[in-house]
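Presented below is the structure to which this report refers.
The values are calculated or read from the model by the stated rules, or taken from the named source; none is laboratory data. Small disclaimer: the values here were computed from a predicted structure and weren't measured. When we count neighbours, we look across all protein chains shown, and the Cβ atoms used for this are built from the backbone with ideal geometry, even at glycine. These area figures cover heavy atoms from the full protein model, side chains too; ligands, DNA and RNA do not enter into them. Shrake-Rupley method; radii C 1.70, N 1.55, O 1.52, S 1.80 Å.
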Amino acid sequence: MKVPAYSSLTAFLAHYHALKSDPSRGSDDEQLLAVMSAAIATLAPEARAALDSVEDSARAKRHRDRAELRLRRELAARGFVAG
């Protein structure tokens, strides 16, 4: 299975959410979703929750920014996202 390199964290998360919500995904997509989920699972629970948060407060934005930075580093280490 070839793992795509995403141009940004936003692109990675958009594809992850699309795969997660697609009930008709094939076996290759299942494998990719498992690899993507494993990368996201490296984050602490509060960081994962911050990624999905739509709250607009300054505190929520700081948590989301930190979670995105941690995830971006993890994905770069795994070759998913450039930089």
Checklist entry - Restricted to region 16-33, and to residues that are open to solvent by 60 Å² or more (accessible area, probe 1.4 Å), of a type outside the set (Lys, Arg) and part of a helix (DSSP H, G or I), which residue is nearest to Glu68 (Cα to Cα)? => result His17
Item to check | Boolean, Ser7 is of a type in the set (Gly, Ala, Ser) and over 10 Å from the mean Cα position of the chain (by Cα) | outcome: yes
Checklist entry - So is Ser8 in contact with a strand residue (DSSP E or B) (Cβ under 8 Å, 6 or more places away or on another chain) and polar (S, T, N, Q) or not? => result yes
Checklist outcome for this item: Filtering region 49-81 down to residues that are closer than 22 Å to Ser7 by Cβ and not aliphatic (A, V, I, L, M) yields Asp52, Arg64, Asp65, Arg66, Glu68, Arg70, Arg72, Arg73, Glu74, Arg78, Gly79, Phe80
Checklist outcome for this item: Note on Ala67: of the conditions (1) touching a Lys or Arg at 6+ places or on another chain (Cβ under 9 Å); (2) surrounded by fewer than 17 Cβ atoms within 10 Å (Cβ to Cβ), unmet is (2)
Next on the checklist: What's the number of the only condition in (1) open to solvent by less than 90 Å² (accessible area, probe 1.4 Å); (2) over 10 Å from the mean Cα position of the chain (by Cα) that Arg59 fails to meet?
Outcome noted: (1)
Checklist entry - Counting only residues that are in a loop (DSSP other than H, G, I, E, B) and not β-branched (Val, Ile, Thr), how many does region 34-83 have? => result 11
